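The values are calculated or read from the model by the stated rules, or taken from the named source; none is laboratory data. Note that the coordinates shown come from a computational prediction; the quantities given were computed from them, not determined experimentally. In this analysis, Cβ positions are derived from the backbone assuming ideal geometry, glycine residues included, and neighbour counts consider all displayed protein chains. Remember, those area values only see protein heavy atoms, side chains included, never the ligands or the DNA or RNA. Shrake-Rupley method; radii C 1.70, N 1.55, O 1.52, S 1.80 Å.
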Amino acid sequence: MSAAVASRSRWLKRFHRAQDAPARLVCFPHAGGAAGFYFPLSRALSPTVETLAVQYPGRQDRRAEPGLGDIEELTDGIAEALVPLLDSRPLALFGHSMGAVLAYETARRLEHEVGSPPAVLFTSGRRAPCRRRVENMHQREDQVLVEELRELGGTDPELLDDLGIMRLLLPAIRRDYQAIETYRHRAGQELSCPVTVLTGDRDPRTTIDEASDWKHHTTGACTLEVFPGGHFFLSEHMTDVAGLVTARLLPSRRQSRPRTVPHPPNDPQMPVSRRPRDVRSHERRKRNQR
């Protein structure tokens, strides 16, 4: 096996074969996440879009490798694995939470160093790189970090309660948190591709205002899609997200447009779409509050 093939097999996972698909999507997991998080999205997009998911070191089949606590180092490995796959098909990048920053930095690398900008960048569950918060979760005690994961959702509670398993997982999770919490956006050339921003309307880590500032990181179009839910709204709306990805990546296959709501008063230029809530769950919440 050549070094290039070995690098791709470590960094990129394919769950559904779709070599003849007219487009390719590369997905970047959240801090503490693994490639398998995107299995449902890959299934929903196959065979229309070939989906690859990034596998960070320090977990699952890469558990023997030390985690990387630096966004630039992670970008180095991912970009190296992606370059040999660039062809005439449109390539889109999709990242959730920490993965959104990694997708963005990888897109910058591909555009300004390789000369091959992505067709679309999808950022999910993450404020814009120019909007910094001071966070130090990677320096906190194990139990505090576990409670952080519990609060955000997206992790099986039974897994979080298994102290033996968590002792094995926490070193890689802590390195991921170190990478994203020490990340500093470097001013420079921004993207030219369109950016689609996805966020949950109850995400405690990203406000809609912070998400809308992704518009500062591209000279192309930037649109904001607001979904009902918290930080891991993605898991609850995977079918809708797959439809959105297909519509943006392959517009000729678009079937319907999301319902557009009035622009926020502080940003009249940025298109915003809100996905309707489930009426029954909304009514249940109203009853519980009485």
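Pick from A172, A107, A187: which is assigned to a loop (DSSP other than H, G, I, E, B) and at negative phi?
A187
Hey, among R140, R131, which residue is within 13 Å of T206 (Cα to Cα) and either in contact (Cβ under 8 Å) with a residue 60 or more places away in the chain or open to solvent by 30 Å² or more (accessible area, probe 1.4 Å) (or both)?
Of the residues listed, the single one that is within 13 Å of T206 (Cα to Cα) and either in contact (Cβ under 8 Å) with a residue 60 or more places away in the chain or open to solvent by 30 Å² or more (accessible area, probe 1.4 Å) (or both) is R131.
Just checking, how many residues over the stretch 80-104 are open to solvent by 10 Å² or more (accessible area, probe 1.4 Å), within 18 Å of the chain's Cα centre (by Cα) and more than 17 Å from R175 (Cβ to Cβ)?
1
Let me spell it out: the conditions are (1) of a type outside the set (A, V, I, L, M); (2) within 22 Å of M98 (Cβ to Cβ); (3) modelled with pLDDT of 90 or more, and G188 meets all of them except one. Which number is the exception?
For G188, the failing item is (3).
Could you check, for the stretch 111-126, whether at least one of its residues is modelled with pLDDT under 85 and either part of a loop (DSSP other than H, G, I, E, B) or among the charged types (D, E, K, R) (or both)?
For the stretch 111-126, residues modelled with pLDDT under 85 and either part of a loop (DSSP other than H, G, I, E, B) or among the charged types (D, E, K, R) (or both): absent.
Could you pull out the residue among E151, E210, E158 that is charged (D, E, K, R), without any contact (Cβ under 8 Å) to a residue 24 or more places away in the chain and in a helix (DSSP H, G or I)?
E158
So that you can scan it fast, the table gives a plain yes or no per residue for (1) touching a helix residue (DSSP H, G or I) at 6+ places or on another chain (Cβ under 7 Å); (2) among the hydrophobic types (A, V, I, L, M, F, W, C):
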| position | (1), (2) |
| --- | --- |
| G58 | yes, no |
| R63 | no, no |
| P66 | no, no |
| E73 | no, no |
| D76 | no, no |
| A79 | yes, yes |
| P84 | yes, no |
| S88 | no, no |
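T199: open to solvent by less than 30 Å² (accessible area, probe 1.4 Å), among the hydroxyl-bearing types (S, T, Y) and more than 16 Å from the chain's Cα centre (by Cα), yes or no?
No: the conditions fail for T199.
Anything in the stretch 1-13 that is of a type outside the set (S, T, Y) and either surrounded by fewer than 16 Cβ atoms within 10 Å (Cβ to Cβ) or modelled with pLDDT under 95 (or both)? List them, or say none.
Listed by number, the residues that qualify are M1, A3, A4, V5, A6, R8, R10.
Please specify each residue of the stretch 212-221 satisfying the condition of being within 15 Å of H185 (Cβ to Cβ) and surrounded by 23 or more Cβ atoms within 10 Å (Cβ to Cβ).
Correct list: W214 only.
Taking V134, is it at pLDDT below 95 and not basic (K, R)?
yes
Could you check G95 against (1) touching a residue at least 12 places away in the same chain (Cβ under 8 Å); (2) not in a strand (DSSP E or B) and say which number it fails?
Of everything listed in (1) touching a residue at least 12 places away in the same chain (Cβ under 8 Å); (2) not in a strand (DSSP E or B), G95 misses just condition (2).
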